[in-house]
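Novice: Below are the C-alpha cells for one structure; questions will follow.
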C-alpha cells in the first residue's frame, strides 16, 4: 500500500518532468564535447606523459610519473599500459585494451582495464578532444566530462602551451580548475 505522502511526492515528481520545460529540468546545458576531426593512429601510438588530469579514483595511488603507452595490435585494437610512481617510489601498472568506436575520425575510443578470462565487462569512453598538429600533446576527454587528461610527448610542458590547451578544455565545457597539473 502506498502511503498518501509518498504518493504525492511520486506523482508530483512525475508531473514536474512532464510540465517543466527542458531548460528548467537541466539548468545549465553544456555544449556537447567535440572530438578532433581526425587522428592518425600511427602517429598517436607510443609513449605519452601525463601533464594534468581530472583526479579520479583509479589513479589515487599515483604520486608522480604517470605515463600511457599505446601499441597497435594485430586485430586493430590498441594495447594500453598506464603506469605511475606510488609513494615510496614503487611503480604501479595497469594493462588495458582500447577499441576505436568512430573509424571515420579515430578520435572516439573505448578503453577497458578489467578482463575476466578475456571478457571485458567494463568500458570507458576515451575521446581525443585536442591534438597538436605535430602530435606533441593531446587532450583526452569524456562525453559527460567525468574524466580528462592532458598528455604530452615530453615530461614538461611550457606554460604558454598549457594555456592554449586550457582554451580547448573550456571550449568543450570543462572548467579549467578541475584539471590538476602535475608537479614539474
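Just so you know, all these numbers are worked out from the coordinates, no wet-lab data involved. Since the structure is predicted, the reported quantities are computational estimates derived from the model, not experimental observations.
Novice: Going by a ≥ b ≥ c, the root eigenvalues of the Cα gyration tensor, does the stretch 71-150 fall in the rounded group (a/c under 1.5), the prolate group (a/b larger than b/c) or the oblate group?
Specialist: It comes out oblate by the Cα gyration axes.
Novice: Rounded, prolate or oblate: which fits the stretch 134-178, taking a ≥ b ≥ c as square roots of the Cα gyration tensor eigenvalues, rounded meaning a/c under 1.5, else prolate when a/b beats b/c? Let's see the in-between values first.
Specialist: On the way: a/c = 2.13, a/b = 1.56, b/c = 1.36.
Since a/c reaches 1.5 and a/b is larger than b/c, the shape of the stretch 134-178 is classed as prolate.
Novice: Turning to a different aspect of this structure: Let me have the relative contact order for the stretch 41-181, percent, based on Cα pairs under 8 Å that are six or more residues apart.
Specialist: Worked out over the stretch 41-181, it gives 23 percent.
Novice: Based on alpha-carbon centroids, what's the gap between the stretch 30-59 and the stretch 65-81 in Å, whole number please?
Specialist: 13
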